Each structure stands twice: as C-alpha cells, then as structure tokens.
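Below is one structure, written out as structure tokens; comments come after it.
The values are calculated or read from the model by the stated rules, or taken from the named source; none is laboratory data. Bear in mind that the values here come from a model prediction, so they are computed numbers and not experimental data. Here the Cβ positions follow ideal geometry from the backbone for every residue, glycine too, while neighbour counts run over all protein chains shown.
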Amino acid sequence: MFGISDGLVTNVSLILGMAGAHSTQGVVRLAGLAVLVGGSFSMAAGEYVSMRAQKELLERELAVERHAIHQWPEGEREELARLYEGRGMDPELAEQAAGAVMRDPDVALETHAREELGIDPSSLGSPVQAAVASFVTFAVGALLPLVPWLFAGGGNAMVASVVIGVVAALGVGAALSAFTGRTWWWSAGRQLVIATIAAGVTFGIGRALGTT
C-alpha cells in the first residue's frame with residue numbers, strides 16, 4: 001500500500017505539473033514513464049540496501065550472542081534467569097527454565113535473540129523480496145495516472161488523470177484503514193488531502209513557469 005501510494009502521489013503530481021505547463025502529450029508521457037521506471041528502480045534499490053544492512057546488523061548481533069553462549073554458557077544462563085525473574089517468574093523456577101533452555105545451543109540462541117534482542121532468528125527478512133515488492137508497488141501506483149496519456153493528451157487526459165488519482169488515493173487510504181484500525185473514510189480522506197496538496201502545488205508551479 002505504501003509503495004502504491006508513493007508511486008501514485010509522485011507521478012500524479014509530476015503529470016499535472018507538466019500538464020499545467022502546457023506540455024505536449026509526448027512530453028508528459030515521456031516524463032511519466034521516466035518517473036515510473038526511475039522511481040521504481042530507486043525504491044527497489046533503497047529497499048534492498050536498507051534491508052541488506054538491517055539483516056547484516058542482526059546477523060552480526062546473533063553471531064555475538066552465539067559466541068557468548070558457546071564461551072560463557074553459565075553467564076548467559078544467569079542472564080536469562082535474571083531476565084525471567086524481572087518478568088515476574090519465581091527465582092527457583094526462573095533458574096530451572098534458564099537451565100532447560102541452555103541445554104540446547106540452538107534453543108538458547110533463539111531464546112536469547114527473542115528475549116534480549118527482540119528478533120526472530122528465522123525471520124530476518126529478504127532484501128530481494130522487499131526490493132521486488134517496492135519496485136512493483138511503486139510502478140503500479142505510478143502507472144495509474146499515466147494511463148490516459150498513453151492514449152490521449154490535453155485537457156481530457158489531464159481530467160482523466162485527476163479522476164484516476166482521486167479514486168486511487170481514496171482506495172489506498174481505505175485499504176490502509178484495515179491495518180491501522182482507523183475508519184475508512186478518515187484514512188481515505190487523509191490520503192486524498194495529501195495527494196491533492198502535492199498535485200496542486202506542482203500543477204501551480206507548472207502553470208506559473210510554463211515550458212518556455
């Protein structure tokens with residue numbers, strides 16, 4: 001949803017800015033395609049680098065924890081027991097639970113990772129998957145307001161882009177409400193306002209500066 005929103009707001013703003021500058025159909029179409037392709041690759045690259053760096057950081061922290069469990073098992077057992085006690089477990093029971101966990105190095109690593117680092121060793125994320133998802137969702141969002149300019153130009157294409165942008169913004173906002181718990185009309189309205197402001201500003205700049 002966020003990728004679609006980014007692509008939609010970015011390209012509808014650019015397209016209306018170019019249209020406001022009285023650009024020809026070919027110029028608007030070329031600019032829109034450039035943003036679609038360039039923006040999609042940029043989003044994918046940024047997501048890949050971000051996810052890769054995050055995964056490498058987590059893997060390093062897991063390696064440090066694995067080394068500590070191997071070299072100082074008793075100290076790690078005590079640390080885990082104190083952590084359980086801090087969460088309200090009886091001291092004797094905490095000692096027993098920590099001892100049971102430390103008997104298996106794999107279980108010990110997973111438990112320390114969850115309890116101390118707050119991560120799941122089996123779910124560190126996939127940089128490639130995240131990059132592909134960012135590429136596709138941004139491209140979809142950027143394509144929607146560009147569609148009319150693939151077949152027409154001028155005022156009709158601009159009106160069609162506005163209509164598509166409004167419907168898509170409302171749809172994205174309403175879909176996000178399923179995850180945020182907000183009412184659909186509030187989320188949809190917020191998304192529409194953000195897209196309208198961005199598109200309105202770029203349209204005004206394009207109209208003021210023109211193409212000369």
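Observations on the structure shown:
- Residue check, L80 part of a helix (DSSP H, G or I), buried (at least 20 other Cβ atoms within 10 Å of the Cβ) and in the same structural domain as R103 (by TED's automatic domain parsing): yes
- Residue within region 170-191 that is within 22 Å of V28 (Cα to Cα) and either in the same structural domain as I15 (by TED's automatic domain parsing) or touching a residue at least 60 places away in the same chain (Cβ under 8 Å) (or both) present: no
- All of A19, A113 fail the test of being in contact with a Pro (Cβ under 7 Å, 6 or more places away or on another chain) and at pLDDT 85 or above, apart from A113.
- Test: H67 is more than 20 Å from the chain's Cα centre (by Cα) and closer than 30 Å to G99 by Cβ: yes
- Failed item, numbered, when I194 is tested on (1) under 22 Å from L36 (Cα atoms); (2) under 17 Å from the mean Cα position of the chain (by Cα); (3) in contact (Cβ under 8 Å) with a residue 12 or more places away in the chain: (2)
- The numbered conditions (1) outside any helix (DSSP H, G or I); (2) touching a residue at least 12 places away in the same chain (Cβ under 8 Å) are all true for M51 except (1).
- Out of V166, V107, one residue alone is surrounded by 15 or more Cβ atoms within 10 Å (Cβ to Cβ) and assigned to a helix (DSSP H, G or I). It is V166.
- Residue check for R52: modelled with pLDDT of 90 or more, buried (at least 18 other Cβ atoms within 10 Å of the Cβ), under 30 Å from A175 (Cβ atoms) and among the basic types (K, R): no
- Counted residues, region 110-136 - those being without any contact (Cβ under 8 Å) to a residue 24 or more places away in the chain and surrounded by 14 or more Cβ atoms within 10 Å (Cβ to Cβ): 1
- Among the residues of region 154-163, the ones that are in contact (Cβ under 8 Å) with a residue 40 or more places away in the chain and surrounded by fewer than 18 Cβ atoms within 10 Å (Cβ to Cβ) come to 1 in all.
- Condition met for V140 (at pLDDT 90 or above, out of contact with any strand residue (DSSP E or B) (no Cβ under 7 Å at 6 or more places or on another chain), among the aliphatic types (A, V, I, L, M) and buried (at least 16 other Cβ atoms within 10 Å of the Cβ)): yes
- Lone qualifier among A199, A174 - being buried (at least 16 other Cβ atoms within 10 Å of the Cβ), within 17 Å of A19 (Cβ to Cβ) and either touching a His at 6+ places or on another chain (Cβ under 8 Å) or among the hydrophobic types (A, V, I, L, M, F, W, C) (or both): A199
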